[in-house]
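Take a look at the structure set out below.
The values are calculated or read from the model by the stated rules, or taken from the named source; none is laboratory data. Here the structure is a predicted model, which is why all the values come from computation and not from measurement. So basically every Cβ, Gly included, is an ideal-geometry build from the backbone, and we count neighbours across all protein chains shown. What goes into the accessible areas is simple: the full protein's heavy atoms, side chains included, and nothing from ligands, DNA or RNA. Shrake-Rupley method; radii C 1.70, N 1.55, O 1.52, S 1.80 Å.
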Amino acid sequence: MSTWVDPDDAPEWTDEMFEAADLYHGETLIRRGRPKKPKPKVPVSIRLSPEVLDAFKADGAGWQTRIDEALKDWLAKKVA
């Protein structure tokens with residue numbers, strides 16, 4: 001059984017505590033962070049030739065985004 005704690009003895013809220021607190025609008029929890037994209041990317045598994053993968057990775061971080069852009073460029077040329 002828990003003991004009663006006088007609310008007057010509660011610690012003062014710090015800025016950090018306010019920042020970490022959940023925010024509700026009525027009964028709805030308002031999510032923090034980045035808003036959801038209307039058309040989020042879909043995770044897939046794909047097999048690529050080693051030379052293709054090595055070439056994209058050689059340019060450093062963001063290689064998956066560069067592959068996505070290359071495929072979008074290909075698709076735009078094919079559709080056009």
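Just one of (1) open to solvent by 100 Å² or more (accessible area, probe 1.4 Å); (2) out of contact with any strand residue (DSSP E or B) (no Cβ under 9 Å at 6 or more places or on another chain); (3) modelled with pLDDT under 95 fails for Thr28. It is (1).
Select from region 43-80 the residues that are part of a helix (DSSP H, G or I) and basic (Lys, Arg) and write down the one among them that is most open to solvent (accessible area, probe 1.4 Å). So the residue we want is Lys77. Within region 1-22, being open to solvent by less than 100 Å² (accessible area, probe 1.4 Å) and charged (D, E, K, R) holds for one residue alone: Asp6.
Going residue by residue through region 52-66, is there one that turns out to be among the hydrophobic types (A, V, I, L, M, F, W, C) and under 30 Å from Glu19 (Cβ atoms)? Scanning region 52-66 turns up at least one residue that is among the hydrophobic types (A, V, I, L, M, F, W, C) and under 30 Å from Glu19 (Cβ atoms).
Within region 17-41, the set of residues being of a type in the set (Asp, Glu) and within 22 Å of the chain's Cα centre (by Cα) comprises Glu19, Asp22.
Per-residue answers, yes or no, for (1) in contact with a helix residue (DSSP H, G or I) (Cβ under 9 Å, 6 or more places away or on another chain); (2) of a type in the set (A, V, I, L, M, F, W, C); (3) at pLDDT 95 or above:
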| site | (1), (2), (3) |
| --- | --- |
| Asp22 | no, no, no |
| Gly33 | no, no, no |
| Arg47 | no, no, yes |
| Asp54 | no, no, yes |
| Gln64 | yes, no, yes |
